[in-house]
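Reading through the structure tokens given below for one structure.
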Amino acid sequence: MSYHTYTTEALVCGSFLHNTADKVFLLFTREVGMLYATAKSVREERSKQRFALQDFSLIRVSLIKGKQGWKVGSVEAKTNYFTQADNRLVRGSVVTVFKTLRRFIHGEESLPALFDFCLLALEEMNKINNERLFWDLIVQLKILNELGYVDEGSIPKDFKSAVFSELEDFRTELPVAKLELLLEKAIANSHL
């Protein structure tokens, strides 16, 4: 019996120990969505995959769908957003994005627009020098909006279609206090 191999980019949102030398990874991919994939013997010193499969990383991975779930084939490391961060505040922003993804995305559902937005947001986080709280909140709100948890009547009409570079324009319409309130309502709507 042959199995189909999917090669895709993925964000490593978390990892869990499994058996003696195995690990299970929570991967957010463009084509499949959020999934758990097992990597055999990845915790052994001789493993070449262990350096690529780090939390907060962007990787190119070959995934095999088997009877027992997803398995990790080959892995190529692209970047680790946490280790590339210039300072503690940027690292905090990176962790916030990954925690938001881990908390609110469940199941294998293709979310290409959200995946692309997250990649762009993670790249741009290192370049933002001012008003870190505004950017953290606006990115979280954009993620929750893409997932359908934000009430459309409570945000500006152009917010849903705005790309990362256009989010600066919403600073006057969405001050930090309003962003916190919208985020709180969206989290309540999610029931997560």
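The values are calculated or read from the model by the stated rules, or taken from the named source; none is laboratory data. Values in this document were obtained by computation on a predicted structure and should not be read as measured data. Note that each Cβ is placed from the backbone with ideal geometry, even for glycine, and that neighbours are counted across all protein chains shown.
Please state which one of Thr5, Thr96 is more than 27 Å from Asn129 (Cβ to Cβ) and out of contact with any Phe, Trp or Tyr (no Cβ under 6 Å at 6 or more places or on another chain). Full working, then the answer.
Numbers: Thr96 fails: more than 27 Å from Asn129 (Cβ to Cβ).
Answer to the selection: Thr5.
Considering each of Lys48, Lys67, Lys40 in turn, give the residue that is surrounded by 14 or more Cβ atoms within 10 Å (Cβ to Cβ) and among the basic types (Lys, Arg). It would help to see each step written out before you state the result.
On the way: Lys48 fails: surrounded by 14 or more Cβ atoms within 10 Å (Cβ to Cβ); Lys67 fails: surrounded by 14 or more Cβ atoms within 10 Å (Cβ to Cβ).
Only one candidate passes the filter, namely Lys40.
Looking at Val139, Val94, Val150, Val90 in this structure, which one is in contact with a Leu (Cβ under 6 Å, 6 or more places away or on another chain) and surrounded by 18 or more Cβ atoms within 10 Å (Cβ to Cβ)? Step through it out loud before you land on a result.
On the way: Val139 fails: in contact with a Leu (Cβ under 6 Å, 6 or more places away or on another chain); Val94 fails: in contact with a Leu (Cβ under 6 Å, 6 or more places away or on another chain); Val90 fails: in contact with a Leu (Cβ under 6 Å, 6 or more places away or on another chain).
None of the others qualify; the one that does is Val150.
Only one of Leu179, Leu133, Leu167 is more than 16 Å from the chain's Cα centre (by Cα), modelled with pLDDT under 95, closer than 30 Å to Leu27 by Cα and exposed (fewer than 14 other Cβ atoms within 10 Å of the Cβ); which? Spell out the reasoning first.
On the way: Leu179 fails: exposed (fewer than 14 other Cβ atoms within 10 Å of the Cβ); Leu167 fails: exposed (fewer than 14 other Cβ atoms within 10 Å of the Cβ).
Leu133 is the lone residue from the list that is more than 16 Å from the chain's Cα centre (by Cα), modelled with pLDDT under 95, closer than 30 Å to Leu27 by Cα and exposed (fewer than 14 other Cβ atoms within 10 Å of the Cβ).
How do the pairs read when you match residues in region 167-178 that are in contact (Cβ under 8 Å) with a residue 12 or more places away in the chain and under 14 Å from Leu141 (Cα atoms) with residues anywhere that are of a type in the set (Asp, Glu) and part of a loop (DSSP other than H, G, I, E, B), using Cβ under 9 Å and keeping only pairs 6 or more apart or on different chains?
As it stands, the answer is Phe170/Asp158; Arg171/Glu131; Val176/Glu131, since those pairs meet every condition given.
Residues that are over 29 Å from Tyr36 (Cβ atoms): which helices (runs of 4 or more DSSP H) entirely in region 94-192 hold 3 or more of them?
Numbers: elements: 112-124, 132-146, 176-190.
In region 94-192, the matching helices (runs of 4 or more DSSP H) lie at 132-146, 176-190.
Determine which single condition Thr79 fails, assuming it passes every other condition in (1) within 25 Å of Asn129 (Cα to Cα); (2) outside any strand (DSSP E or B); (3) among the β-branched types (Val, Ile, Thr).
Every listed condition holds for Thr79 apart from (2).
Search region 8-28 for residues that are outside any strand (DSSP E or B) and pair each with any residue that is not hydroxyl-bearing (Ser, Thr, Tyr) when their beta-carbon atoms are under 6 Å apart and the residues are at least 6 apart or on different chains.
Listed by first residue and then by second, the contacts come to Ala21/Arg43; Ala21/Glu44.
For region 20-43, name all the residues that are out of contact with any strand residue (DSSP E or B) (no Cβ under 9 Å at 6 or more places or on another chain) and farther than 21 Å from Leu120 by Cα. It would help to see each step written out before you state the result.
So in region 20-43, the residues out of contact with any strand residue (DSSP E or B) (no Cβ under 9 Å at 6 or more places or on another chain) come out as 20-21, 33.
Matches in region 20-43: Thr20, Ala21.
Out of (1) closer than 22 Å to Ala85 by Cβ; (2) more than 11 Å from the chain's Cα centre (by Cα); (3) among the aromatic types (Phe, Trp, Tyr), the odd one out for Phe115 is which?
(2) is the only condition that Phe115 fails.
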